[in-house]
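Structure first, commentary second.
The values are calculated or read from the model by the stated rules, or taken from the named source; none is laboratory data. Here the structure is a predicted model, which means the values were calculated and not measured. For neighbour counting, all protein chains shown are included, and Cβ atoms are generated from backbone atoms with ideal geometry for every residue, glycine included.
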Amino acid sequence: MLRFVLLAILLLLIARAFWRVMDGVIEAAGGRSRRGRSPRAPAVKLVRDPVCGTYVAPANALSLTAGGTTHYFCSEDCRKKFRT
């Protein structure tokens with residue numbers, strides 16, 4: 001009886017591991033997982049602050065257009081330093 005219980009537990013663990021791997025394969029292939037998780041948010045391209053070198057998201061950065069080029073800054077201090 002004990003062998004049957006242990007064998008049943010082992011088979012359940014193997015089946016669960018198999019389906020977790022399959023979920024990963026399906027999700028990586030662009031399909032939906034069985035759990036219905038929402039897809040990841042798209043990546044945001046970061047821009048580099050020309051003064052201190054910090055990378056910032058353009059949507060959250062301060063900007064300044066000079067000579068037809070837009071520069072992005074992490075803080076007002078960096079923007080002021082760039083202006084001078």
Just give me the residues in segment 27-55 being out of contact with any Lys or Arg (no Cβ under 8 Å at 6 or more places or on another chain) and either at pLDDT 90 or above or in a strand (DSSP E or B) (or both), in sequence order.
LYS45, LEU46, VAL47, ARG48, ASP49, PRO50, CYS52, GLY53
In segment 58-84, what residues are in contact with a strand residue (DSSP E or B) (Cβ under 8 Å, 6 or more places away or on another chain), over 15 Å from ARG48 (Cβ atoms) and in a helix (DSSP H, G or I)?
GLU76, ARG83
